[in-house]
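Remarks on the structure that follows.
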Amino acid sequence: MNNWFTISNVEHIDTPALAVYPERIQENIRILKTFAPDIALLRPHMKTNKSPQVAKMLIREGIALFKCATIAEAEMLAEAGAKDILLAYQPVGPKAERLATLTARYSQTIFSCLADNITTAKHISTVFERSAQKIRVYIDLNVGMNRTGIAPDAALELYKQLLALPGIIAYGLHAYDGHLRDVDLAVRAQKCNEAFAAVEKLRDQIVQQTGNIPAIVAGGTPTFPIHAQRNGVACSPGTFIYWDKGYQNILQEQPFLFAALVVTRVISLPAKDTICIDLGHKAIASENPLTNRVTFLNAPDLEPTGHSEEHMILKTPAGSTYQVGDVLYGVPYHICPTVALYDRTAIVTDNEVTDYWTTQARNRVITI
């Protein structure tokens, strides 16, 4: 329905607020499963939602594997009942000790992490050996994003070195290709397959030279439908759960629904054809250009012209009659860092806020 996003009791909601719509989350999980021939190989990334309630929704739908980026997200997942958690981050410095504490506390959960160099791998091994544990380690591969990882053609020797470390289990390969965002799915798939060829070559070398068959985790939201078609390869979409305007614009083959919105109010009418709302930098992700931060479902013609910590300035179309107190419902262009700005989310059911969920893993530390 056209007004699915409106909140009947919005007068009780202080703004800016993040509103989450569980029925639409449920539909996004259903859509996700249609992309995967084998849902046992879905490993959703929890960086977007950071919510134990969402984790439990996924678990109830048969999702067994999870991925996250922080120790707090891993702890949240373990507490929610996740049985297999990949920390898709290389634990440098004290993070290794925190991870060892976490794995000891949740000993019935399988944990893994990343490494892309022998120095860090030795540190992880030492920490886990000292605590009489072992942890699965995936080699983080750089398949073109140039953010983290080791080149696949240089990773065979690292894998062999990992085999000799007592505190870790050389378990798999991790290949995140988040730089592949072509609107044309055929072009995106071609680039994805070309990048993944080096991963397949490395896997075959590992099998031939060690006898081990490494597990593979690949992709993010833009490429997960491509990787989902590969036999035995786990894929890791994250943004799908709430969706956002940025990915809707790019990934036109993915019919996910907006399930999280920012709710904001007009707080001032400072000039003709200008309004100010309470959606500042602290309320919505602001790394994109000003015109690519939010679009309003009930006011798509508003044009952002200024942004500061607590305010957003918008140009209004001629003849507009906005008043102080008017409510706007915005779709973020980038939902993941937007969620991290809110300590709780307003839960909307049948157009009414009925509850609040804590954004538990937005904190750097929960208990560990």
So what is the diffusion coefficient of the range 217-368 in µm² per second by Stokes-Einstein at 10 °C and 1.306 mPa s, using a Kirkwood Rh over Cα pairs? 92
May I ask you to give the percent of accessible area on the range 195-325 that is carbon plus sulfur, with a probe radius of 1.4 Å? 48
To the nearest 20 debye, the range 209-278 has a Cα-centred charge dipole, built from +1 on Lys and Arg Cβ and -1 on Asp and Glu Cβ, of 40
Given unit charges at Cβ for Lys, Arg (+) and Asp, Glu (-), the dipole magnitude of the range 93-230 about its Cα centre in debye, nearest 20, is 460
Find which of Pro37, Leu99, Ala121 sits farthest along the positive direction of the dipole of the range 1-135, computed with +1 on the beta-carbon of Lys and Arg, -1 on that of Asp and Glu, about the Cα centre. Ala121
GNM top mover of Pro37, Pro91, Pro289 - the chain, alpha-carbon springs below 10 Å: Pro289
How much length would be gained if the chain were fully extended between Glu200 and Thr321, taking 0.36 nm per residue of separation minus their Cα-Cα distance, in nm to one decimal? 37.6 nm
Above-threshold pairs, the threshold being 27 Å between Cα atoms, out of Lys282/Lys315; Lys56/Lys245; Lys56/Lys122; Lys67/Lys201; Lys50/Lys160; Lys47/Lys134: Lys56/Lys122; Lys50/Lys160
Under the 7 Å Cα-to-Cβ spin-label approximation, Gln209 and Ser131 lie apart by a distance in nanometres of 3.1
Using only DSSP helix segments of four residues or longer, with each worth -39500 (n - 2.57), what per-residue ellipticity at 222 nm results for the chain after dividing by its residue count and rounding to 500? -8500 deg cm²/dmol
For the chain, set up a GNM with springs between Cα atoms under 10 Å and report which of Asp38, Asp177, Asp140 has the largest fluctuation. Asp38
Which value, in Å² and to the nearest 10, is the accessible area of Phe5 when all protein chains are kept and the probe is 1.4 Å? 20
Springs between alpha-carbon atoms under 10 Å, Gaussian network over the chain: tell me which of Lys67, Lys245, Lys315 tops the mean-square fluctuations. Lys315
What full-extension length gain, to one decimal in nm, is calculated for Glu303 and Leu290 as 0.36 nm per residue of separation minus the Cα-Cα distance? 3.8 nm
Where both partners of a DSSP beta bridge lie in the range 213-368, what percent of those bridges are antiparallel, to the nearest 5? 90
For the range 181-259, report the accessible area per residue in Å² (1.4 Å probe, heavy atoms, rounded to an integer). 40
Dipole of the range 140-266, positive end: most advanced residue of Pro214, Val263, Ser236 [Cβ charges, Cα centre]: Val263
Sorted by accessible area (1.4 Å probe), largest first, how do Lys201, Lys272 line up? Lys272, Lys201
Under 20 Å from the 7 Å Cα→Cβ point of Thr349, by amide nitrogen: which residues of the range 29-47? 29-30
For the chain, max minus min Cα coordinate along each principal axis, in Å, sorted largest first? 72, 44, 35
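The values are calculated or read from the model by the stated rules, or taken from the named source; none is laboratory data. Just so we're clear, the structure is a prediction, and the values are computed from it rather than from any experiment. Ideal geometry is used to build each Cβ from the backbone, glycine not excepted, and the neighbour counts take in all protein chains shown. For accessibility, only protein heavy atoms count, side chains too; no ligands or nucleic acids. Shrake-Rupley method; radii C 1.70, N 1.55, O 1.52, S 1.80 Å.
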